[in-house]
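Working notes, structure below.
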Amino acid sequence: MIKVELDEEGGRAVWEVEAQDGAGDLEALVDAFTGEIVGQGSEDVEGAGQGGDDD
């Protein structure tokens, strides 16, 4: 895990989580009250990236 930060997205409190695995960087937005993943994305090692729903 690289970073975890409490933030606000669309009027709701969310945890912004950043991590790394062997394939690249991973990002997720997790609703701070329900634990539901409300957004995610990844970027491969080469930087070609696969955009997720980050809003």
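The values are calculated or read from the model by the stated rules, or taken from the named source; none is laboratory data. These figures come from a predicted structure and were not determined experimentally. As a convention, Cβ positions derive from the backbone with ideal geometry for all residues, glycine included, and neighbour counts pool all protein chains shown. The accessibility values were calculated without ligands, DNA or RNA, using every heavy atom of the protein model including side chains. Shrake-Rupley method; radii C 1.70, N 1.55, O 1.52, S 1.80 Å.
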So, in the stretch 1-34, exactly how many residues are modelled with pLDDT under 95 and not in a strand (DSSP E or B)? 6
A careful count of residues in the stretch 32-44 that are closer than 15 Å to D7 by Cα and within 11 Å of the chain's Cα centre (by Cα) gives 4
Contacts under 9 angstrom Cβ, first residue in the stretch 12-34 being more than 27 Å from D44 (Cβ to Cβ), partner open to solvent by less than 20 Å² (accessible area, probe 1.4 Å) and not β-branched (V, I, T), 6 or more apart: R12/D31; A13/D31
Restricting the stretch 35-55 to residues that are open to solvent by 100 Å² or more (accessible area, probe 1.4 Å) and of a type in the set (D, E, K, R), the residue that is modelled with the lowest pLDDT: D55
